[in-house]
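The values are calculated or read from the model by the stated rules, or taken from the named source; none is laboratory data. Bear in mind the structure is a predicted one, so any value in this text is a computation, not a measurement. A quick note on method: Cβ atoms are made from the backbone with ideal geometry, for glycine too, and the neighbour counts reach across all protein chains shown. With ligands, DNA and RNA removed, areas are computed over all heavy atoms of the protein, side chains included. Shrake-Rupley method; radii C 1.70, N 1.55, O 1.52, S 1.80 Å.
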Amino acid sequence: MDVVVAGSHGLVGSALVADLVERGHGVRRLVRRGAESDDGSAAGEAAPGEAAPDEADAVRQVLWDPRTGELDPAALEGADAVVNLAGAGIGDHRWTPAYKQKLLGSRTTTTSLLARTIARLDGPPVLVNASAVGAYGDRGDELLTEASERGDDFLAHLVKAWENATAPAAEAGARVVWLRSGIVLAPSGGALGRMLPLLRLGVGGPLGSGRQWWSWITLADEVAAIRHVIDANVRGPVNAVAPEPTTNRELTRALARALSRPAGLAVPRFALRIALGQLADDLIASQRAVPAVLNRTGFTWTHADPEAAARWVAGRPAAGA
């Protein structure tokens, strides 16, 4: 299998590339010339469209520039799949008007360029486009499947524009998957990047009331889900979440137990608002999403419950091992 990856230097992209190489697949990284970009890619030295050696023989890098629309179709020719993970980090900065525009632009510009380029190819590859369960908005205890209606907050509108940008590829006959990921749990970085150090010190705790549902997935299962949807005959939205959505309080306590630390006191909503601004609303939003499509197509989780996930994040052996 030959896979093109955009956003290959982010948390998920780096893990995906390493996994594909380990399994003997070919990888083409799309990277941007010059300084580190805001979309999970990195600097490159080859001329646009020219492949160059990367850290492994199975990996090549190809330069592109979404801001100028520069992407040689030859960079995608012959690929089995294009995985687009590019986009500025949701939790990297306060959501000022300027940063909200950056969140939107970094996703729609890259996605649109990839989709238009794929549309020009004969026998277009599968496009697996990153997305998020934020598509559903804040929905309380409602059980959310891929058939559920969209929400009406900032993230829901962001996801809608992001997914809509794939339209040229779908209209040209490409199979397009919107991978609506939950909170990706990893031993470092990602959504827990700020939370885990506090939990390790025994001073972290639930956010807000802690009763909000957090749909989550471990990094290992996120990578496996990407491989799965490349092969499975699915298109449209796919919830990349574990089969057991968990409240923020339950997940926090599971992580604290795995780290052998107390769960600590809850962080009140007003304190989150002061520290994070509008981003706090995303952390206390409730999305009880379930992976109906992954279940239907036979996906198998390595970390299906919060206890197993927490032990993996903490670097502890699985129960019974």
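So the values come out like this:
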| item | result |
| --- | --- |
| Segment 64-216, Cα convex hull volume normalised per residue, Å³ | 135 Å³ |
| Ile183 accessible area, 1.4 Å probe, all protein chains in place, Å² to nearest 10 | 40 Å² |
| Length gained when the stretch Thr302-Arg235 is fully extended (0.36 nm per residue, less Cα-Cα span) | 21.8 nm |
| Computed label-point distance, nm, for sites Glu142 and Ala98 using a 7 Å Cα→Cβ extension | 3.6 nm |
| Rg to Rh, two decimals, where segment 157-200 supplies the alpha carbon set and Rh follows Kirkwood | 1.24 |
| Residues Leu265 and Ala161, FRET efficiency given R0 of 35 Å [Cβ-Cβ distance, rounded to 0.05] | 0.40 |
| Bridge type composition, the chain - antiparallel percent by DSSP, nearest 5 | 10 percent |
| Cβ-defined net charge surrounding Gly205, 10 Å radius [Lys, Arg +1; Asp, Glu -1] | +2 |
| Positive minus negative residues near Trp214 (Lys, Arg vs Asp, Glu; Cβ under 10 Å) | +1 |
| Per residue, in Å², the accessible surface of the chain once ligands and nucleic acids are set aside, probe 1.4 Å | 42 Å² |
| The chain pair-distance distribution - Cα-Cα, 10 Å bins, rounded % | 6, 27, 35, 23, 8, 1 |
| Formal net charge of residues neighbouring Val293 (Cβ-Cβ distance under 11 Å; K, R +1; D, E -1) | +2 |
